[in-house]
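Notes follow the structure.
The values are calculated or read from the model by the stated rules, or taken from the named source; none is laboratory data. Just so it is clear, the structure is predicted and the values come from calculations on it, not from any experiment. Neighbour counts run over all protein chains shown; Cβ positions are idealised from the backbone, glycine included. The protein model used for the area step is the full one, side chains on, heavy atoms only, and it has no ligands, DNA or RNA in it. Shrake-Rupley method; radii C 1.70, N 1.55, O 1.52, S 1.80 Å.
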Amino acid sequence: MRHIGTVARGIRLPVVMSGDDLKKIVVNSLMEAAASEPDGFKFKDRDIVGVTESLVARAQGNYVTTEDIAQDVARLTDEGDAVLLFPILSRNRFLELLKGIVAGVRGTLHLVLSYPCDEVGNGVMDRQEFYEKAHLLSDSAFDEDEFRRVFGTWTHPFTGLDYVELYKSVAPEKIKVHFAQSPKAALSYAKQVIVASIHDRNLHRQVLERLGAKVITLDQICAAPQEGRGWNDRFGLLGSNYSRAGVVKLFPRDCEAFVADLQEELRRQTGRQIDVLVYGDGAFKDPVGGIWELADPVVSPACTSGLIGMPHEIKFKYVADNAGDKTPLQAVTEAIQAKAKTSRSDKTGLGTTPRRLSDLVGSLCDLVSGSGDKGTPVIYISGYFDSYIVQ
C-alpha cells in the first residue's frame with residue numbers, strides 16, 4: 001500500500017517586484033524545483049499550486065499612499081464629524097490606514113473600539129480585569145477617560161503597545177476615542193460612519209443604515225482605478241498591509257484571471273491538470289494569544305474549479321470505531337466507496353467539519369510558507385485528494 005499521503009512543499013522564488021512576469025517566474029521555479037536533487041518531485045493530476053496574495057499584489061504594483069486614502073475618504077464623506085467603527089488593532093494592518101482616514105475626514109474623527117478585544121482577538125484590555133471591573137462602567141459605551149479610570153494602561157502582550165495611545169497619537173487634536181460593543185453606539189457621536197470591521201462589515205452596515213446613518217466600508221475606499229495608484233474593486237482597503245512609511249500594499253486584483261492563466265501554463269508545461277489558488281491569511285486561531293489570524297477578508301480571493309466546494313469525505317475514525325462485525329479496513333473501504341456514489345451536496349450522516357476546500361488548502365499554504373525568511377511564497381501540494389483505498 002502507499003505510505004505517504006499529502007505532501008506540501010515550499011518553493012523558493014527570486015524576489016518579485018512590480019512589473020515582473022509572475023506567471024513565468026512561478027512556472028520556472030516549479031519546474032526547477034521538480035528537477036532538483038535530491039528534493040525533486042513528479043507533477044501529478046489534481047496536485048495544487050498556492051501563490052501568496054502578497055506576491056500577486058507586488059507584481060501588480062498594487063500600492064496606495066496615505067494621501068490616496070485621504071483623497072478617497074474626503075470624496076466619500078461629507079464635511080463634519082465621522083465615526084470610525086471597530087478597526088482591528090494592528091500596526092501592519094491598520095495604522096497607516098488610520099493616518100489616511102483621519103486626514104480625509106473634515107471634522108472630528110470618533111474612533112470607536114470594540115472591547116474587550118477587536119474582531120480578530122487582539123485585546124484592548126485584560127479579559128480577566130474586564131470581567132472583574134465591568135460593573136464599574138457607567139454604560140456599555142464609554143469614553144477614553146472612563147476607560148483609563150477603570151482599566152488604566154494595558155499593553156498588547158505580543159507587541160508591547162498601548163493601541164489606544166498609539167491610534168490617538170496619529171492626530172490627538174482630531175481623534176476622540178470611545179469604546180462600545182454594539183455598532184448602534186456609533187450614532188451617539190456622528191451620523192456618518194466608516195465601518196472598519198472586516199468579516200462583520202455587512203452586518204454593521206445594515207444595522208446602521210436602518211437607523212438612518214450614512215455608511216461607507218473599507219472595501220469602498222481605493223476601490224476604483226485612479227492614475228498612478230493601485231486599487232481593488234472587490235475589497236478596497238480590506239486585506240491591505242504595511243509596505244513602508246506612508247504606503248500600503250492592497251489585496252491583489254484580477255486573481256481569477258491569474259489562477260486560470262497559471263493553470264493553463266502548467267498544463268502546457270507538465271501535461272497535468274493542476275489546481276491553483278491565491279491565498280492570504282489562514283483561517284486558524286493562535287491558542288496562546290487567542291488571536292484569529294484571518295485579518296484578510298477571505299483566505300483565498302480566487303481558485304480554479306477543482307478547489308471550489310467542500311470535501312466529500314467520511315468520518316474515518318468514527319467508521320473504524322463502529323465497524324461492528326466487519327474489520328475496520330472493510331468498514332472504512334465500504335464507507336468511502338458508498339460516499340463516492342452520493343451527491344457532494346448530501347449532508348446526511350456524520351462527516352468531517354464543513355469547511356470550504358479553498359479555506360482548508362489556503363490555510364495549509366499559509367502555515368507552510370510562513371511569514372518569516374523562508375522565501376517560499378509558492379506552495380506545491382501533492383496527494384491532497386488521494387483516497388485511502390486507492391493504491
**OP:** Test residue 344 against the criterion of being open to solvent by 40 Å² or more (accessible area, probe 1.4 Å) and modelled with pLDDT of 75 or more, and give yes or no.
**Re:** no
Subject >> Those residues of segment 167-194 which are among the polar types (S, T, N, Q) and in a helix (DSSP H, G or I), in sequence order >> reply: 188
Subject >> Every residue from segment 303-341 that is part of a helix (DSSP H, G or I) and modelled with pLDDT of 75 or more >> reply: 305, 306, 307
Original post:
Which of (1) surrounded by fewer than 21 Cβ atoms within 10 Å (Cβ to Cβ); (2) over 19 Å from the mean Cα position of the chain (by Cα); (3) closer than 29 Å to residue 355 by Cβ does residue 274 not meet, given it meets every other one?
Top reply: (1)
Subject >> Among (1) of a type in the set (Gly, Ala, Ser); (2) more than 27 Å from residue 106 (Cβ to Cβ); (3) under 30 Å from the mean Cα position of the chain (by Cα), the one test that residue 141 misses >> reply: (2)
**OP:** Being at pLDDT 95 or above, assigned to a loop (DSSP other than H, G, I, E, B), in the same structural domain as residue 364 (by the TED database) and farther than 30 Å from residue 96 by Cβ narrows it down to one of 272, 267, so name that one.
**Re:** 272
Subject >> Some residue of segment 213-220 being of a type in the set (A, V, I, L, M, F, W, C) and surrounded by fewer than 17 Cβ atoms within 10 Å (Cβ to Cβ) >> reply: no
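Does segment 229-244 hold any residues that are in a loop (DSSP other than H, G, I, E, B), open to solvent by 50 Å² or more (accessible area, probe 1.4 Å) and in contact (Cβ under 8 Å) with a residue 40 or more places away in the chain, and which are they?
Taking segment 229-244 as the starting set, the residues that turn out to be in a loop (DSSP other than H, G, I, E, B) are 229-240.
Then keep just the ones that are open to solvent by 50 Å² or more (accessible area, probe 1.4 Å); that gives 231, 233-234.
Once the filter is applied, which keeps residues that are in a loop (DSSP other than H, G, I, E, B), open to solvent by 50 Å² or more (accessible area, probe 1.4 Å) and in contact (Cβ under 8 Å) with a residue 40 or more places away in the chain, segment 229-244 yields 231, 234.
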**OP:** Would you mention how many residues in segment 144-178 are acidic (Asp, Glu), more than 28 Å from the chain's Cα centre (by Cα) and either open to solvent by 70 Å² or more (accessible area, probe 1.4 Å) or assigned by the TED database to the domain that holds residue 286 (or both)?
**Re:** 2
**OP:** Enumerate the pairs (first residue in segment 143-172 and under 18 Å from residue 87 (Cα atoms); second residue anywhere and among the aromatic types (Phe, Trp, Tyr)) with beta-carbon separation below 6 Å, excluding pairs fewer than 6 apart on the same chain, so at least 6 apart or on different chains.
**Re:** 147/179
Subject >> Wholly within segment 1-119, helices (runs of 4 or more DSSP H) carrying at least 3 residues that are open to solvent by less than 70 Å² (accessible area, probe 1.4 Å), over 30 Å from residue 141 (Cβ atoms) and not small (Gly, Ala, Ser) >> reply: 22-35, 53-60
